[in-house]
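Contents: one structure, followed by commentary.
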Amino acid sequence: MADMIHALQTLVLAGFPVLVIVAALRDVTSYTIPNWISLALAGLFPLAALAVGLPLSDVGLNLAVGAGALVAGMAMFALGWIGGGDAKLFATAALWLGWPAFINDIAVTGLAGGALAMVLLALRSTHVRPFVPNGPAWFGRLAEPGENVPYGVAIAVGALMAFPQSGLMQHFGN
């Protein structure tokens, strides 16, 4: 029975990194993060919390962190800093991470976003752009000067780095 419970916990918790990676890949290749990814993350969270026995007080705190991140994401979207899919991914990642793992998420996301922007600036520079190989259309778009930054990649890096510190992972296997 314990093996079955552990397998269920593993399966449900694996949904987070899988969906976050899919979101990053979709963002880098199409500059969109489909709504179904954020909806799946939001829908899987209660199952994950139940599967690992996350205390109700922690569930409430995760909900509050996710709501706060949604408000922050909406503000960043309104200011034109990130896209709508990025805002939703940021909020659903915060829901899964909770407090204090979300602090690590913010820090790593910021660093990853800065690194991503620097790489894209270099790729889009007049010195490097002529050497960008002909390849998939999405790669050419990444190298296009003036194009947006697929910030979902940075959000995914931050979320994946913070996930081991989340309450969900702390209760995993207990």
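The values are calculated or read from the model by the stated rules, or taken from the named source; none is laboratory data. Since the structure is predicted, the reported quantities are computational estimates derived from the model, not experimental observations. Methodologically, a virtual Cβ is constructed for each residue, glycine included, from the backbone with ideal geometry; neighbour enumeration extends over all protein chains shown.
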* **Of the criteria (1) farther than 20 Å from Val153 by Cβ; (2) free of Cβ contacts under 8 Å to residues at least 24 places away in the same chain, which one Ala87 fails** => (1)
* Asked: Somewhere in the range 42-57, is a residue within 15 Å of the chain's Cα centre (by Cα) and crowded, with 18+ Cβ neighbours inside 10 Å?
  -> yes
* Would you say Leu39 is at pLDDT below 90 and among the hydrophobic types (A, V, I, L, M, F, W, C)? -> no
* **Wholly enclosed helices (runs of 4 or more DSSP H) of the range 65-174 bearing at least 1 residues over 25 Å from Leu44 (Cα atoms), of a type in the set (Ser, Thr, Tyr) and modelled with pLDDT of 95 or more** => none
